[in-house]
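Student: The structure under discussion is supplied below as structure tokens; questions concerning it will follow.
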Amino acid sequence: MITTYQRILDIRAKRGAGYFVLIDPDKANVNTLPRFVETATEAGVDGFLVGGSLLVRDQFEAVVRSVKGSTPLPVVIFPGSLMQISSAADALLFIVLVSGRNPEYLIGSHVAAAPIIRSIGLEAIGTAYMLVEGGGTTSVEFVSNTRPLPRQKPDIAVAHALAAEYIGMKLLYFDSGSGAELPVDDAIIRSVAHYSPLPIIVGGGIRTPEEAHRKSLAGASFIVTGNVLEENGGSSLLREFADAVHQPQTAPRH
């Protein structure tokens, strides 16, 4: 059976870059969520991420099941804590916050989560998560108690990405955080794409289709948006983002 990770690689191979929609379980309306997911699927998105830095509402499982039941596309958990695990998803990003030095997010939570993930048969995708300065303090920075990577220091980002690759990570996730003022700088994406063959996911602060296209041209394998859709969601905007990300790429792909 084909794995979700292979499906992700196939999307990159087929389209050059893919577009993921991030759904925050705290902000999702379970009554209207199925229609939104169906609309996004029809608009050309490539998959859905479900997760958030905090959980203040007891509906994570319901949200994952609702998304999964409304689309044939990959549904992947983007966990902010041990509480965000569900057998209803296709896979889970097994995130290591390599940009920080907090041992809880480097190995502590992973040891606690691993037996649960194995017991429910959930596919885990080793993902190096790197928080990048986004112009202000974000939820993930506060909750993880870690400093983000500097925006204007691509060499530091490259060093972290290479370390993650050599450790054996399968994906690189660069994020300026939910609702960030500034997205990940193109120079960081371009530099990392030059040195590492791993798929690069980029999220946080991407508010326009044009900006999404620039990130894909810089070398991002997948673009993630969440907040902009919560504020201005609609089929037309979803399609504009999908079309922008799927435009022919000129940046070299490994």
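Student: Within the range 174-195, can you find the residues that are in contact with a strand residue (DSSP E or B) (Cβ under 7 Å, 6 or more places away or on another chain), of a type outside the set (Val, Ile, Thr), assigned to a loop (DSSP other than H, G, I, E, B) and modelled with pLDDT of 95 or more? Reasoning before the result, please.
Tutor: First pass over the range 174-195, keeping only residues in contact with a strand residue (DSSP E or B) (Cβ under 7 Å, 6 or more places away or on another chain): 174-177, 184, 188-189, 192-193.
Okay, now just the ones that are also of a type outside the set (Val, Ile, Thr), so 174-177, 193.
Adding the requirement that they be assigned to a loop (DSSP other than H, G, I, E, B) leaves 176-177.
Residue satisfying the conditions is Ser176 alone.
Student: Here's another thing I want to ask about it. Does Val37 satisfy being among the aliphatic types (A, V, I, L, M), in contact (Cβ under 8 Å) with a residue 24 or more places away in the chain, part of a strand (DSSP E or B) and touching a helix residue (DSSP H, G or I) at 6+ places or on another chain (Cβ under 9 Å)?
Tutor: No: the conditions fail for Val37.
Student: Of all residues in the range 45-62, how many are in a helix (DSSP H, G or I) and either under 20 Å from Phe94 (Cβ atoms) or without any contact (Cβ under 8 Å) to a residue 12 or more places away in the chain (or both)?
Tutor: So the count comes out to 2.
Residue by residue, here is whether (1) closer than 20 Å to Ser191 by Cα; (2) of a type outside the set (D, E, K, R); (3) in a loop (DSSP other than H, G, I, E, B) holds:
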{"site": "Ala113", "(1), (2), (3)": "no, yes, no"}
{"site": "Ile125", "(1), (2), (3)": "no, yes, no"}
{"site": "Gly135", "(1), (2), (3)": "no, yes, yes"}
{"site": "Val143", "(1), (2), (3)": "no, yes, no"}
{"site": "Thr146", "(1), (2), (3)": "no, yes, yes"}
{"site": "Ala159", "(1), (2), (3)": "yes, yes, no"}
{"site": "Glu165", "(1), (2), (3)": "yes, no, no"}
{"site": "Met169", "(1), (2), (3)": "yes, yes, yes"}
{"site": "Leu172", "(1), (2), (3)": "yes, yes, no"}
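Student: Turning to a different aspect of this structure: Return yes or no: is Leu82 surrounded by fewer than 17 Cβ atoms within 10 Å (Cβ to Cβ) and either out of contact with any helix residue (DSSP H, G or I) (no Cβ under 8 Å at 6 or more places or on another chain) or assigned to a loop (DSSP other than H, G, I, E, B) (or both)? If you could, list the steps in order and put the result at the bottom.
Tutor: Working: surrounded by fewer than 17 Cβ atoms within 10 Å (Cβ to Cβ): yes; either out of contact with any helix residue (DSSP H, G or I) (no Cβ under 8 Å at 6 or more places or on another chain) or assigned to a loop (DSSP other than H, G, I, E, B) (or both): yes.
Considered against the rule, which asks whether it is surrounded by fewer than 17 Cβ atoms within 10 Å (Cβ to Cβ) and either out of contact with any helix residue (DSSP H, G or I) (no Cβ under 8 Å at 6 or more places or on another chain) or assigned to a loop (DSSP other than H, G, I, E, B) (or both), Leu82 comes out as yes.
The values are calculated or read from the model by the stated rules, or taken from the named source; none is laboratory data. As the structure is a computational prediction, the values presented were derived from the model and not from experiment. Please note: Cβ atoms are built from the backbone with ideal geometry, for glycine as well, and neighbour counts cover all protein chains shown.
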